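A short write-up of the structure that comes next.
The values are calculated or read from the model by the stated rules, or taken from the named source; none is laboratory data. Keep in mind that this is a model prediction, so the values were computed, not measured. Heads up, the Cβs are rebuilt from the backbone with ideal geometry, glycines too, and the neighbour counts pull from every protein chain shown. Protein only, heavy atoms only, side chains kept; ligands, DNA and RNA dropped before computing areas. Shrake-Rupley method; radii C 1.70, N 1.55, O 1.52, S 1.80 Å.
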Amino acid sequence: MDSHTDITLDELHTGLRTVRMRRWFLWLLILAYVPLMMIALGANDAKRMVVIAFVVWVLLLIIAVAMMALARCPRCGHCFHMSGYLFRPVRRCFECDLHITADKQLRKNDLKHRG
Ligand SMILES: [Zn+2]
């Protein structure tokens, strides 16, 4: 195990925000599937539009999964959702167990101590 490098709250926040945004992009894309197909089915050339919509959706899905898989943990520098070839999209870092909202929790504690 490597030692966790000390990082500031801002660095932690920026890094985790990137991880969160990539997660959101993937979930929104999955949710967009049905509305996208409804729109495609409503088009004049429905068969062709469904095929085009599906191909575009799959390509975006591959990009979204790759971006999510390659998102780095701001604390340990490893891929947040990856261990070797294993992809696990949960809310904790695979390597150092950092929670996806650790920056928000730290900020809340920080305000409590000050106030
Ligand atoms: Zn980590």
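In table form, for the structure just shown:
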quantity	calculated
Rg(Cα) / (2.2 N^0.38 Å) computed for the chain, rounded to two decimals	1.41
15 Å beta-carbon shell around Ile39, net charge (K/R +1, D/E -1)	+1
Whole-percent carbon and sulfur share, accessible surface of the chain, 1.4 Å	66
Kyte-Doolittle mean at least -0.5, axial Cα span of 15 Å or more - DSSP H helices of the chain	9-31, 46-69
Gaussian network model of the chain, Cα within-10 Å springs - most flexible of Met67, Met82, Met37	Met37
Electrostatic dipole magnitude of the chain [Cβ: Lys, Arg +1; Asp, Glu -1; Cα centre; debye, to 20]	360
Cysteines without a disulfide-compatible partner [the chain; Cβ-Cβ under 4.7 Å]	Cys79
GNM flexibility winner over the chain from Met38, Met68, Met21 (Cα, springs under 10 Å)	Met38
Top positive-direction residue, dipole computed over the range 9-114 with Cβ charges, set Ala71, Pro35, His99	His99
In the range 1-107, the chymotrypsin sites (Phe, Trp or Tyr not before Pro) that fall in loop regions by DSSP, at most 10 other Cβ within 10 Å	Tyr85
